[in-house]
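Engineer: Here it is, the structure in full.
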Amino acid sequence: MSFLNQLFKKEKLNIDLGQLPNHVAIIMDGNGRWAKKRGLPRNVGHREGSNALRKIVEASSKLGIKHLTVYAFSTENWKRPKNEVDALMSLLLEYLKNAERELSGKNVRIRVIGNIKGLPEDIQKEVARVEKLTAVNSGLSLNMALNYGSRDEILQAIKGIAKEVENKTLCVENIDENTVARKLYTSEIPDPDLLIRTSGEKRISNFLLWQLAYTEFYYTDVLWPDFREKHLIEAVREYQSRHRRFGGI
Ligand code: IPE
Ligand code: IPE
Ligand code: MG
């Protein structure tokens, strides 16, 4: 891209492409309310939500964001009526099945974080297939949180560490932050720089509790099915106006 082109692009976006958040995490919320507002069943909202995800993956990849982590199904979402859980599972399956075709040539790597063994078998198989197939891709890393709960994640990390201590392969004195981080689903993923939650809710809902220690939070009233590239750019712009201190001055 020529210098002028770059300048034009920057001005149009009004963000600094050299200072992008390396890792953006999104709590994709508001599908149900989007549908309700239109007098439609909640599942239609979920379908629109998965279309919005496709667009945001594309936009993130185009902008040059390295990691995008999206909360697609929490360990608490099993509490929903069976028909809604089933609809969400079939949308996830469809998303994974189409991912390869849709993302071909886009160099996107897909990873799933969460308790994969607790998901239906067809999804487990698809996850393994897509992860393997895209493992060589070096562009955007799309991390999908499926059957993900942060307390569940931390708990299994603690158990893993306790086992190593029990087996005497680890000394208590040597346990540090890295020991814990390496046991999390996100062991190969850096901590998020920016967390976006749509739909106006201002809570974490058991998402990335350890990893969000110094993340910048951004809330918007836009419902997830309406969330587009321009909203992502708005969030990045706000992020770039923040002063991250990490406890310093
Ligand atoms: C987010 O939308 C999707 C999932 C949690 C799977 P919701 O379904 O939570 O939508 P609201 O919050 O009811 O509007
Ligand atoms: C968080 O949204 C989970 C996902 C977006 C997958 P919820 O809609 O489940 O969160 P709560 O129940 O409002 O906290
Ligand atoms: Mg919700």
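Engineer: Just checking, does the range 218-232 include any residue being acidic (Asp, Glu) and touching a helix residue (DSSP H, G or I) at 6+ places or on another chain (Cβ under 6 Å)?
Structural biologist: yes
Engineer: Does Gly160 satisfy the condition of being in contact (Cβ under 8 Å) with a residue 40 or more places away in the chain, among the small types (Gly, Ala, Ser) and surrounded by fewer than 21 Cβ atoms within 10 Å (Cβ to Cβ)?
Structural biologist: Spelling it out, it is not the case that Gly160 is in contact (Cβ under 8 Å) with a residue 40 or more places away in the chain, among the small types (Gly, Ala, Ser) and surrounded by fewer than 21 Cβ atoms within 10 Å (Cβ to Cβ).
Engineer: Another one. So which residues in the range 197-236 are under 29 Å from Ser187 (Cβ atoms) and among the small types (Gly, Ala, Ser)?
Structural biologist: Within the range 197-236, Ser205, Ala213, Ala235 meet the criteria.
Engineer: Look through the range 19-42, keep the residues that are more than 23 Å from Tyr148 (Cβ to Cβ) and away from ligand 1 (no atom under 15 Å from the Cβ), and return whichever of them is surrounded by the fewest Cβ atoms within 10 Å (Cβ to Cβ).
Structural biologist: Gln19
Engineer: List pairs: first in the range 31-60 and touching a residue at least 60 places away in the same chain (Cβ under 8 Å), second among the small types (Gly, Ala, Ser) and outside any helix (DSSP H, G or I), Cβ under 7 Å, 6+ apart or cross-chain?
Structural biologist: Filtered contacts from the range 31-60: Arg33/Ser199.
Engineer: Can you tell me which residue is farthest from Ser61 (Cα to Cα) among those in the range 101-119 that are of a type outside the set (Lys, Arg) and either in contact with a Lys or Arg (Cβ under 6 Å, 6 or more places away or on another chain) or surrounded by fewer than 15 Cβ atoms within 10 Å (Cβ to Cβ) (or both)?
Structural biologist: Gly118
Engineer: Say whether the condition of being in contact (Cβ under 8 Å) with a residue 24 or more places away in the chain, under 30 Å from Glu121 (Cα atoms), not β-branched (Val, Ile, Thr) and not in a loop (DSSP other than H, G, I, E, B) is met by at least one residue in the range 202-211.
Structural biologist: Checking the range 202-211: not a single residue is in contact (Cβ under 8 Å) with a residue 24 or more places away in the chain, under 30 Å from Glu121 (Cα atoms), not β-branched (Val, Ile, Thr) and not in a loop (DSSP other than H, G, I, E, B).
Engineer: Filter the range 50-77 down to the residues that are within 11 Å of ligand 1 (Cβ to nearest atom) and among the hydrophobic types (A, V, I, L, M, F, W, C), then identify the one that is farthest from His231 (Cα to Cα).
Structural biologist: For the range 50-77, the residue satisfying everything is Phe73.
Engineer: Residues being part of a helix (DSSP H, G or I) and within 17 Å of Asn22 (Cβ to Cβ): count how many of those fall in the range 224-249.
Structural biologist: Qualifying residue count, the range 224-249: 8.
Engineer: Residues of the range 79-112 being free of Cβ contacts under 8 Å to residues at least 24 places away in the same chain and of a type outside the set (D, E, K, R), which ones?
Structural biologist: Pro81, Val85, Ser90, Asn98, Ser104, Gly105
Engineer: Sticking with this structure for a sec: Can you find a residue in the range 90-98 that is under 26 Å from Val222 (Cα atoms), loosely packed, with under 13 Cβ neighbours inside 10 Å, within 15 Å of ligand 1 (Cβ to nearest atom) and of a type in the set (S, T, N, Q)?
Structural biologist: No: zero hits.
Engineer: Scan the helices (runs of 4 or more DSSP H) fully inside the range 27-140 and keep the ones with 2 or more residues being more than 18 Å from the chain's Cα centre (by Cα), at pLDDT 95 or above and within 16 Å of ligand 3 (Cβ to nearest atom).
Structural biologist: Result: 31-37, 42-63, 82-103.
Engineer: Let me ask you something else. Looking only at residues that are under 20 Å from Ala181 (Cα atoms), away from ligand 3 (no atom under 16 Å from the Cβ) and polar (S, T, N, Q) in the range 191-249, which one is surrounded by the most Cβ atoms within 10 Å (Cβ to Cβ)?
Structural biologist: Here the answer is Gln211.
Engineer: Still on this structure, please answer the following. Just a yes or no: is a residue in the range 211-221 in contact with a Lys or Arg (Cβ under 8 Å, 6 or more places away or on another chain) and aliphatic (A, V, I, L, M)?
Structural biologist: Looking for residues that are in contact with a Lys or Arg (Cβ under 8 Å, 6 or more places away or on another chain) and aliphatic (A, V, I, L, M), one finds none in the range 211-221, hence no.
Yes/no per residue for (1) among the hydroxyl-bearing types (Ser, Thr, Tyr); (2) in contact with a strand residue (DSSP E or B) (Cβ under 9 Å, 6 or more places away or on another chain); (3) touching a residue at least 24 places away in the same chain (Cβ under 8 Å):
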{"position": "Ile196", "(1), (2), (3)": "no, yes, yes"}
{"position": "Ser199", "(1), (2), (3)": "yes, yes, yes"}
{"position": "Phe217", "(1), (2), (3)": "no, yes, no"}
{"position": "Asp221", "(1), (2), (3)": "no, no, no"}
{"position": "Lys230", "(1), (2), (3)": "no, no, no"}
{"position": "Ile249", "(1), (2), (3)": "no, no, no"}
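The values are calculated or read from the model by the stated rules, or taken from the named source; none is laboratory data. Worth saying up front: this structure is predicted, and the values here are computed from it rather than measured. Reconstructed Cβ throughout: ideal geometry from the backbone, glycine too, with neighbour counts over all protein chains shown.
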